[in-house]
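K.L.:
Here you go, one structure.
The values are calculated or read from the model by the stated rules, or taken from the named source; none is laboratory data. No experiment lies behind these values; they were computed from the predicted model shown. Heads up, the Cβs are rebuilt from the backbone with ideal geometry, glycines too, and the neighbour counts pull from every protein chain shown.
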Amino acid sequence: MQAMKRPDALVDDLIAYLGAGVTPRHSVAETARRLRGAGFRQIDEHVRWSLRPNGRYFTIRGGGSLVAWRVAAQSSAVPRFRAVAAHTDSPTLRLKPELVRREKGQQVLDLQVYGSPLLHTWLDRDLSVAGAVVTSTKGGLRTRLVRHSGPLCRIPSLAIHLHPELRLRGLRVQPDRHLGAIFGAGPRRAAALSGLMRALGLRRIPASHELVLFDAQPAQRVGLGGRLVTGARIDNLAMCHAGLTALLASVARPYHQVLALFDHEEVGNRSDRGAGGTFLPSVFRRITKGDPRRMTGLLASADMAHGRHPGHETRSDRRHTPLLNRGTVIKTSARLSYGSGLRAAALFRARCKARGIPVQEFVTRPGRTCGRTLGPVLAARLGAEVVDVGSPMLSMHSCRETCGARDHAWTTQALAEFLTTG
C-alpha cells in the first residue's frame with residue numbers, strides 16, 4: 001500500500017501523469033510502470049494464471065486497456081468485488097494511413113477525427129505526434145511506442161481579413177477542408193515522409209501505425225493559488241489517475257479490488273479492448289477460477305462531469321450542476337446515460353460524508369442530451385450495481401480542458417474509500 005499524497009502533491013502527480021499519457025497506449029504504459037513500482041506483477045492473458053490471496057496483478061489488452069486487481073485476502077461464500085473503471089482515450093485527431101499529403105507546395109499531415117473533439121480548439125496550437133507503430137524485423141512484427149518530444153505541426157486558422165463573415169457567423173470547422181496540419185514545405189512528399197519518420201525515431205515507414213496529434217504544451221496550474229488545472233486529456237486521464245492512486249492506497253479486504261481502464265470509450269466501446277467487449281468479464285472468470293456463481297459487487301464508473309459554465313448558465317440545471325472546487329460529483333440519469341443505482345450511490349455518499357468529502361449532484365437539464373459513460377455498459381456486462389462519479393470540469397472535449405485542483409484530491413480520496421470500506 002502507498003500512502004495517499006497530500007492534495008498539492010497529488011495535483012502535481014496528476015500533471016506528470018497527463019504529460020506521460022499522450023495516447024491511450026502511453027497512458028497504459030505509464031500506469032503499468034507505476035503498478036510495477038508498487039509491487040503489482042504483470043501477467044499475460046495467454047498463459048495459465050496462478051493467483052494467490054492478497055496477490056497484486058495486472059494485465060493489458062491491445063496496448064490501450066488495462067485491468068489491475070488485488071486478490072481478496074480471504075475466500076468468501078460468494079465471490080465479491082469492488083471496482084473502479086475509467087477510460088484512457090480522449091477525442092483527438094488521428095493520422096490517416098498515407099500520413100502526408102502535399103497542398104500548394106506545403107506538406108500537410110492528413111487527419112481524421114477520433115471521437116467528438118471541439119475542432120476549433122485545435123487551431124493555432126503547437127501540436128506534436130505520438131502513438132504506436134508496427135515495424136517488420138527479422139524476428140517478425142514488433143509494436144513500439146513513438147513520440148516526438150517537441151512541437152512538430154500546426155493547424156492554422158484563416159485571418160479575419162480573408163474571412164470577414166466570421167464576425168457575424170462565427171467559425172465553422174469542416175473536417176475535410178480545414179484540418180490539415182502543416183509541418184513542412186517543399187515539392188517532394190517522400191522527403192516530408194522521411195522527415196516525419198526521423199522526428200519519430202524511425203528509419204522507415206512502418207508496416208502499420210496508430211498515430212495521433214497532441215497538444216505540445218504541458219498541463220499546468222492556473223488561477224489564484226493554482227486552484228485550477230488546465231491541460232489536454234483531463235477527460236478522462238484525471239479519473240484514470242484517481243482510480244490508480246486509490247488502488248495503490250487501498251488495503252487488503254475480503255473481496256477483490258479492481259481497477260479497469262478501457263480504450264475506445266469515445267467511439268462507443270465496441271472493440272476487443274473496449275468496455276463493451278470481453279476483457280473485464282474474462283478477467284473476472286479467471287480470478288474466480290471459473291466459479292459458476294455470479295460474482296457480486298459494486299463498481300464506480302469514474303468519468304469527468306460537466307461543471308457550471310459562468311457564461312452559459314442556461315445550459316445547465318441550476319440545482320444539479322456542480323461548481324469547480326466544491327467537491328466530487330455523483331451523476332444520475334433517468335435515461336440511463338449514467339448508471340448510478342440506489343445501493344451503490346447510497347454507499348458512495350455515506351463514505352464521503354463519513355470522511356468529510358463534499359459531494360455534488362449532476363443531472364442534465366430537461367430537454368438536453370448528455371454524454372454516456374462506462375457505467376451502464378459495465379452494469380449490463382457484469383450484472384453489477386454502479387455509481388457514476390467524477391470531478392467537475394469546463395471545456396470538456398477541448399484540446400485543453402480545465403478542472404479544479406481540490407476536486408481531484410476529493411475524488412481520489414472518495415474512490416479509495418469506495419475500494420476499501422466494505
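K.L.:
Given the options 348, 284, 279, 362, name the one that is aromatic (Phe, Trp, Tyr), out of contact with any helix residue (DSSP H, G or I) (no Cβ under 8 Å at 6 or more places or on another chain) and surrounded by 21 or more Cβ atoms within 10 Å (Cβ to Cβ).
P.N.:
Just one listed residue meets the conditions, 279.
K.L.:
Here is a further query. Can you tell me how many residues within the range 152-171 are in a loop (DSSP other than H, G, I, E, B) and out of contact with any Ser or Thr (no Cβ under 8 Å at 6 or more places or on another chain)?
P.N.:
Total satisfying the criteria: 9.
K.L.:
Now for a separate question. Select, from 406, 372, the only residue that is surrounded by fewer than 24 Cβ atoms within 10 Å (Cβ to Cβ), assigned to a helix (DSSP H, G or I) and either of a type in the set (Asp, Glu) or at negative phi (or both).
P.N.:
406
K.L.:
Look through the range 175-201, keep the residues that are more than 23 Å from residue 216 (Cα to Cα) and either outside the structural domain of residue 129 (by TED's automatic domain parsing) or part of a loop (DSSP other than H, G, I, E, B) (or both), and return whichever of them is modelled with the lowest pLDDT.
P.N.:
Per the criteria, the residue is 187.
K.L.:
With 65, 76 as the choices, which residue is touching a Lys or Arg at 6+ places or on another chain (Cβ under 6 Å), among the polar types (S, T, N, Q) and in the same structural domain as residue 328 (by TED's automatic domain parsing)?
P.N.:
None of the other options fit; the residue is 65.
K.L.:
Now for a different question. Can you work out which of the residues in the range 318-332 that are within 21 Å of the chain's Cα centre (by Cα) and surrounded by fewer than 24 Cβ atoms within 10 Å (Cβ to Cβ) is nearest to residue 390 (Cα to Cα)?
P.N.:
If we take residues in the range 318-332 being within 21 Å of the chain's Cα centre (by Cα) and surrounded by fewer than 24 Cβ atoms within 10 Å (Cβ to Cβ), then 327 is nearest to residue 390 (Cα to Cα).
Here's the yes/no breakdown for (1) at pLDDT 95 or above; (2) touching a Phe, Trp or Tyr at 6+ places or on another chain (Cβ under 7 Å); (3) part of a strand (DSSP E or B):
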{"site": "68", "(1), (2), (3)": "yes, yes, yes"}
{"site": "72", "(1), (2), (3)": "no, yes, no"}
{"site": "77", "(1), (2), (3)": "no, no, no"}
{"site": "82", "(1), (2), (3)": "yes, yes, yes"}
{"site": "86", "(1), (2), (3)": "yes, no, yes"}
{"site": "89", "(1), (2), (3)": "yes, no, no"}
{"site": "95", "(1), (2), (3)": "yes, no, yes"}
{"site": "98", "(1), (2), (3)": "no, no, yes"}
{"site": "113", "(1), (2), (3)": "yes, no, yes"}
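K.L.:
Restricting the first residue to the range 1-29 and requiring it to be within 16 Å of residue 128 (Cα to Cα) and touching a residue at least 60 places away in the same chain (Cβ under 8 Å), which pairs with a second residue that is among the charged types (D, E, K, R) and assigned to a helix (DSSP H, G or I) meet a Cβ separation below 6 Å and a spacing of at least six or different chains?
P.N.:
Going by the 6 Å Cβ cut-off, the qualifying pairs are 21/30.
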